[in-house]
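Here's the structure we're looking at; comments come further down.
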Amino acid sequence: MKKMAIIATKGTLDMAYPPFILGSTAAALGYEVQIFFTFYGLTLLRKDLSGVKISPLANPAMPMPVPMPVFVQMLPGMESMATMMMKDKMKKKGVASLEELRSLCQEADVKFVACQMTVDLFEFEKSDFIDGIEYGGAATFMDFAGDTDICLFV
């Protein structure tokens, strides 16, 4: 069986999709998949994903309806507006929500590993996270990743 390992380090809306899409796709293709969530990527394992946002600030590739100067991107409310616009666009285009993709991964037996060091660092409680995840450190991830066909850093 082929194996794929993914390291998820970011918790913004635009960076939340790749590990879940790649993980669920690989699992559907018969891969054994493990995603290691560390630092801000841990946000993606929280029960409530409503706080996952996208920032237009310092994101020059983000398509906006009109070009915006940086000082406008910094204004209060712009992050919420950009998040709302992106979620609306995804819904209109039939893109699954983060919750749906995350559930799809779990149904496909994608293993989620939360970085124990980061959990401790940010003083998270295990009750903050969804059920069905494991906890481990870099050595746990390296043990799996060292024997994979594909290893991605997202």
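At a glance:
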read-out: All helices (runs of 4 or more DSSP H) inside the range 75-146 with 1 or more residues being over 28 Å from Gly30 (Cβ atoms) and at pLDDT below 80; value: 78-92
read-out: Flag if Pro19 is buried (at least 18 other Cβ atoms within 10 Å of the Cβ) and modelled with pLDDT under 95; value: no
read-out: The range 133-150, residues that are surrounded by 11 or more Cβ atoms within 10 Å (Cβ to Cβ) and small (Gly, Ala, Ser); value: Gly136, Gly137, Ala138, Ala145
read-out: Residue that is farthest from Thr148 (Cα to Cα) [pool: residues in the range 1-15 that are of a type in the set (A, V, I, L, M, F, W, C) and surrounded by fewer than 23 Cβ atoms within 10 Å (Cβ to Cβ)]; value: Leu13
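The values are calculated or read from the model by the stated rules, or taken from the named source; none is laboratory data. Because the structure is predicted, anything quoted here is derived from the model rather than measured. For neighbour counting, all protein chains shown are included, and Cβ atoms are generated from backbone atoms with ideal geometry for every residue, glycine included.
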